[in-house]
Structures are given as structure tokens and as C-alpha cells.
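Here the structure is laid out as C-alpha cells; the discussion comes afterwards.
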Amino acid sequence: MGVRYSDLAGKVVVITGGSRGIGAETARSFARQGASVAVLGRDAAALDAVAGELRADGAKALGTVADCTDAAALARAAALIGEELGPVDVLAAFAGGDGYPVPTVRETEEHWRSVLDANLTATFLTVGAFLPGLVERGTGSVITMASTAGRLPSGSSAAYAAAKAGVLMYSRHLALELAGQGVRVNAIAPGAVRTERTAAVMPAAVQASVAAAHPLGRLGEPADIAAATLFLASVESSWITGQTLDVSGGRVIV
Ligand SMILES: NC(=O)c1ccc[n+]([C@@H]2O[C@H](COP(=O)([O-])OP(=O)(O)OC[C@H]3O[C@@H](n4cnc5c(N)ncnc54)[C@H](OP(=O)(O)O)[C@@H]3O)[C@@H](O)[C@H]2O)c1
């Protein structure tokens, strides 16, 4: 199982983007620690599959459909999670994506707005749905999802880079606001991670060259991100807030 964080057993963890990829693997990792896990996304069948897998392994788990760009849907999901699993201790706001390259000269207003909405505004709305409960109880850990693309210019669209850089400053700002209220906020900035989606769009030769751009010489795995998330959720990081954890094989040091 790897590291055991005994304080995570019995905690209620919400993971947006939990229907696949990094979020689904993070959900499995929390469930293995004995946490109760709610996975959010838009694909009901995929959410059911992940939650069903966790329950089959003995965890308490719930799949909830919510579009993270829709505040009302998030409020409904938060209410359901509260009823089914209890008060939330950990929020991993991971939903997002669409980092595909777009030359800025060809960027459209519609696409720009949709990428900002899907990554930055969705993070704000997701945190907004769960924050009152965390603040009321005076405890909790929020982990947001940035990207290496938000740390340095890369091959993504400028919209995605700006959105993820926005997630980083939003997270630092929120961390300072909440530092006296028992709630920690940290961001994870992954390099290129091998998921079903990235494997489908990246031919093997491209994967090899992207891997070579990371000093540790390989792509990330969803489990690399899940491991960092468990640490930031656990008591072992209790004196860490407002930080960006680059989980990127050294990508940001070159
Ligand atoms: N993979 C990488 O290389 C990489 C690198 C850096 C950062 N990231 C970030 O890590 C996060 C997860 O990426 P991934 O690679 O695991 O992607 P993925 O496999 O494409 O999964 C994306 C997840 O986000 C959910 N999602 C997207 N938009 C949503 C919305 N509006 N409302 C609710 N759920 C939404 C999807 O849910 P449904 O499919 O159910 O709608 C899905 O669960 C994203 O924020 C991404 O930007 C990924």
C-alpha cells in the first residue's frame, strides 16, 4: 500500500474529476487509507464504476454527478455528500483540463472563456460549495489542481497556462485568508501525467520526447499525484499551507 496515514482513516474526502485519470487514482488511494470518498464529475456511468470499485474494496464511497462550472449543481452535490457521508474533511478540486496547444493568434474568445471556466472558475465554485462547512468546523485541507503549464511557458494554450497560474494564486490567497481558521490550502502542479486520455492523444514517439523533457526521464503516473495529495491531506503536512507542490519529475528546474 505504500505510506500509511492513520489520520486519514474515517475522513470524508471529496474529489472532483474523480471519474477518471488522476482523480480516480487519487480516490482509490484515499479509500485504501480507510477514508470515505465522494467522486464528482459529469459522466454518471464512469462515476458509478469508480464508486462501485471502491465499495467492492470495502470503502464507503459515493459517485455524484456535478458540472464544476455550475454552482447550483455543486451545492446539490455538497448537500448529498453531507447527508450520505457526513461533514467533509478534505477537498481535492481536481476537475479541469483542455490544455491542448492553441497558437494565441488563432485563439477564440469562446475557447479562452471555456478554458478559464473549466479550470479557474470551476476551482473557485468548487471550493465555494464546500468551504462554509470546513470553516464552520475549523478544520480541513483543500488541495487544488494546477499544472507545470501554470509555472512556466510550455506547449499548452496560453488560456490553460493563465488559468492554472490563476489557480496557484487563488490557492495562495485563500491559504492566507484561512490560515487562522484551521483550514489549509495547497496546490499540486503536475508535469505530464500518463492517463488514458493523454495516452490516447500522444503517440509513443511524442510520449518519449515529452518524458525526456522531464529531468527524471519519465512521464508521471496518476499514482505520483495521488501520493502527493495524500501527504497534503494528512496531518504529516499540518505546518504546510499556501504552497505549490511541483510533482513533475523536475520539469520546473530546467
Ligand atoms: N494529465 C496530465 O498530464 C495533467 C498535467 C497537469 C495537470 N493536469 C490536471 O489534472 C486534472 C485531471 O486531469 P486528468 O489528466 O486526470 O484528466 P482526465 O483523465 O481528462 O480527467 C478529467 C476529469 O475532470 C473532470 N471534469 C472536467 N471538467 C469538468 C467539469 N466541468 N465538471 C466536472 N468534472 C469535470 C472529468 O469528469 P467527467 O469526464 O466525468 O466529466 C474527469 O474526471 C485536470 O485539472 C488537469 O488540468 C493533468
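Computing FRET efficiency as 1/(1 + (r/R0)^6) for residue 42 and residue 176, where r is the C-beta to C-beta distance and R0 is 41 Å, gives about 0.80. Remark: the residue 199-residue 240 segment gains 11.4 nm on full extension, using 0.36 nm per residue and subtracting the alpha carbon distance. Working note: Karplus 6.51/-1.76/1.60 with θ = phi - 60° gives region 201-211 the couplings 9, 10, x, 3, 5, 5, 4, 5, 6, 5, 4 Hz, where Gly and Pro are set to x. For the chain, the longest principal axis of the C-alpha atoms and the axis of helix 71-85 are separated by about 40°. Among 94, 30, 124, the largest mean-square fluctuation in a Gaussian network model of the chain (Cα springs under 10 Å) belongs to 124.
From least to most packed, judged by other beta carbons within 10 angstrom and beginning with the fewest, 196, 177 follow the order 196, 177. Cα gyration tensor of the chain, axes a ≥ b ≥ c as square roots of the eigenvalues: rounded (a/c below 1.5), prolate (a/b > b/c) or oblate? Here the chain falls in the rounded category. Note on 137, 184, 28: ascending count of other Cβ atoms within 10 Å places them as 137, 28, 184, the fewest first. Backbone amide hydrogens, once placed in the peptide plane, bring residue 38 within less than 5 Å of 13, 14, 15, 62, excluding anything fewer than 5 places away on its chain. For residue 139 and residue 169, a Förster radius of 25 Å and the Cβ-Cβ distance give a FRET efficiency of 0.55, rounded to the nearest 0.05. By definition, a body whose alpha carbon gyration tensor gives a ≥ b ≥ c is prolate when a/c is 1.5 or more and a/b is larger than b/c, and region 151-250 fits this prolate description. Highest GNM mean-square fluctuation among 157, 238, 147, for the chain modelled with Cα contacts below 10 Å: 238.
Between helix 21-32 and the chain there is an angle of about 30 degrees, using the helix long axis and the longest principal axis of the Cα atoms. In this simple spin-label approximation, residue 49 and residue 4 carry label points 7 Å from Cα along the Cα→Cβ vector, and these lie 3.2 nm apart. Remark: 111, 214 ranked as 111, 214, counting other beta-carbon atoms within 10 Å and listing the fewest first. With θ taken as phi - 60° and the Karplus curve 6.51 cos²θ - 1.76 cosθ + 1.60 applied, the whole-hertz 3J(HN,Hα) list for region 101-109 is x, 9, x, 4, 5, 10, 5, 9, 4 Hz, x standing for glycine and proline.
Out of 166, 217, 242, any idea which swings most in a Gaussian network model of the chain, alpha carbons joined below 10 Å? Of 166, 217, 242, the Gaussian network model singles out 217 as fluctuating most. Cα centroids of region 64-107 and region 182-244: 19 Å apart.
All of the numbers you see were taken from the coordinates with simple rules; none came from a lab. Every value quoted in this text rests on a predicted model; they were computed, and no experiment measured them. With ideal geometry, Cβ positions are generated from the backbone for all residues, glycine too; neighbour counts draw on all protein chains shown.
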